[in-house]
Each structure stands twice: as C-alpha cells, then as structure tokens.
C-alpha cells in the first residue's frame, strides 16, 4: 500500500501544505492552501481468516500469492477492509476472492499491530465446508497443509506466520484463545 | 468524520472519476483522469479505554464532551487512531489528551464494528493510577462514576454504552472477557 504524501486537496485540487491546523490539533496535517480543508491519514485494517479443514482442524488453507509484494510466497487469505463491511464480512470476502473457499466464520483469533506500516491485521478462525477451492487472480494455488507440511520459510508475512504459530499451538493445547501482538 | 466523495487527485490535483479500475478490481474507485492514480477509501479505527478506579474497579472515568458531535454527552476517552502508533498506544494517547488521566493499560476489552459509518471501535481496560484528572480542550469535565451513577441516558455513543454494559456485567461476574459486537 503506497503512502505517498498528499500534494493536492481532494475537495478542490489546490496544493496542500503540511502544518499544524488552526483547530488546536497537535500534529501536522495536509491543509489545503485554498479551501483550508484538513486531510487526515490513518491506519488501515487488513482482515483475513485461518480456514481449517478436518474434524479437529488439522489442516489449514494457504494461498500462494500471484501478486506483489511477496509473489510466490504463501499466505492466509486476507486483504484490506473495505467501507460498508464489518471486519468479519471483509475476512469472509477475502477468503472467497483469494481462495474461492466456502467457510463458516468463527471468532476473532489474532489482532496484530504493524505500526511501522500503519496497519492493524485481524484474523478470524473459520471452518472449511469443502476442500475444493477456486483461487482468484491474486492466487497461484490454494492448498491444505498440516502443521508439519507448512512451508515455514516461504510464508509471505510475519503476521501470517504468527497467526499460524498461535493456531497450531492452541490446537495442540486443546483450547483456542484470542491473541494480540505488536510486530516491529 | 466527514466522508465527502473524492473530487480531485491527491497526487496531481486533476479531477477524478469513480469507475472500475483497469487492474481487475471489482469496486468503483476514484481514479485520476490525468495520472490514473487509484484512490482507496477504507474504514477508520477509533481507540479508547475503560479507565477503572478503586481496588476492584468499582468506578469508571467518563468525559463530558466539549465538541460536536454529542456536545455535553458523556463518553469514554477515545478517538481516531493515528499513523505510527499501535491501537493500545492510541488508546493511551486519547486517555491522556481527553482526560489527562494517568493509567496502566490492560488488555483489549471490546471490538465493535460500526459499518454504517465505516468505523471499528476498540476499547482497552485500564487501571487509573490517580483520581486527579486534567481534561483537555475536547472535554468539559472528567469524572468517576459507579455503575449506579452512570448517566445512561446521557451517553454519547452506542459503542460506549455497550462497552460500559459489558464492563459492569463482567465485573459482577468476577471475570473479564473480550467482546466483539456489530452495531447497526
């Protein structure tokens, strides 16, 4: 996700300057030099699922990425949350778009801050209703893996790795929790 | 938070049109008519705390709003998450800015989707280290309330009400959980 500085006002198109607004705000914002509109920039949510297969969730579904960044690496289905949907609805949508997987949504499982890139990643547990997938254009391949089969050295993102580690640890412990984590 | 449509490109200032981008995206986006930059709009996170006082957290801190919307109504300290901070860091910052309250942060307590306005609200439990407050310009008054004293008819937002209800219910039950909720 590019985060290039704002150069022009989205309301009128005039140039902006980064300065403290006149409303007592303590942070520099992009303020329009013509219409004075203040433009805020905020973190983005990435939402996804841990789709599990089998009576005791022995397998998880991973997707081999067909897009940059991390082309060819493996990820859980996830993507940017959109306006008009909840975190769970976004996670369900991404699972359908990236893997063509049919799931029953479970509870929120991980919430991870990646402050360095201005993101919050949220993963839900989910139960796969079928082991037939229909990967979308962003995915080269969608496949089930047991813990021993997971390509740990080929995982696309740290948040995916941490979520998978928690999933298999909780599964071994016989009890799934909710986990929060800050990623450097 | 205003969500007026994008009219101009933030990169070059030229007009945008809302259309399906050429990259296979299935949703209309604001696309620049000159430089073709695609502009995404995503939900915002609101982060705050439930600051509790007393050995068993009998009192909670509420702030009387000095700004619109809901001027004069009572709220938990909360505000929009900023770039460069985690959800917990944002919740701590807002508690300082709005109430001037010294707290020790606890675990995430509620996560509520307000899809209608494109927001996710997250509240952390927190322990007040002092009952002396220094409200900022956005707050008329910061005060401690027991469950019986809470001005339930004067609470500013539904997410604050739901979080307070969960707090006092969990406190009575002797066990604090983590709660997710979708608000219409």
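Restricting the search to segment A:101-113, which residues are within 9 Å of chain B (Cβ to nearest Cβ) and touching a helix residue (DSSP H, G or I) at 6+ places or on another chain (Cβ under 8 Å)? So that I can check it myself, show each step before the final result.
At the first step, the residues of segment A:101-113 found to be within 9 Å of chain B (Cβ to nearest Cβ) are A:107-108, A:111, A:113.
Scanning segment A:101-113 gives A:108, A:111, A:113.
Within the option set B:31, B:60, B:46, being farther than 24 Å from residue B:115 by Cβ and surrounded by 21 or more Cβ atoms within 10 Å (Cβ to Cβ) holds for one residue only, B:60. Within segment A:145-163, is there a residue that is under 26 Å from residue B:88 (Cβ atoms), part of a helix (DSSP H, G or I) and in contact with a helix residue (DSSP H, G or I) (Cβ under 8 Å, 6 or more places away or on another chain)? Yes, there is a match, as at least one residue in segment A:145-163 is under 26 Å from residue B:88 (Cβ atoms), part of a helix (DSSP H, G or I) and in contact with a helix residue (DSSP H, G or I) (Cβ under 8 Å, 6 or more places away or on another chain). When segment A:115-135 is filtered for residues that are more than 9 Å from chain B (Cβ to nearest Cβ) and either crowded, with 24+ Cβ neighbours inside 10 Å or touching a helix residue (DSSP H, G or I) at 6+ places or on another chain (Cβ under 9 Å) (or both), the ones remaining, listed by number, are A:119, A:121, A:123, A:124, A:125, A:126, A:133, A:134, A:135.
Taking segment B:1-86 as the region of interest, the strands (runs of 3 or more DSSP E) fully inside it that hold 3 or more residues being more than 8 Å from chain A (Cβ to nearest Cβ) and in contact with a helix residue (DSSP H, G or I) (Cβ under 8 Å, 6 or more places away or on another chain) are B:44-53, B:59-65. Based on what the data block shows, is residue B:142 more than 15 Å from the chain's Cα centre (by Cα), within 23 Å of residue B:80 (Cα to Cα) and surrounded by 18 or more Cβ atoms within 10 Å (Cβ to Cβ)? Yes: the conditions hold for residue B:142. Remark: pairs (first residue in segment B:161-184, within 14 Å of another protein chain (Cβ to nearest Cβ); second residue part of a loop (DSSP other than H, G, I, E, B) and at pLDDT 95 or above; Cβ separation under 8 Å; 6+ apart in sequence or on different chains) = B:178/A:178; B:182/A:86.
The values are calculated or read from the model by the stated rules, or taken from the named source; none is laboratory data. What you see is a predicted model, and the numbers here were worked out from it, not measured in a lab. Note that we place each Cβ from the backbone using ideal geometry, even for glycine, and neighbour counts take in every protein chain shown.
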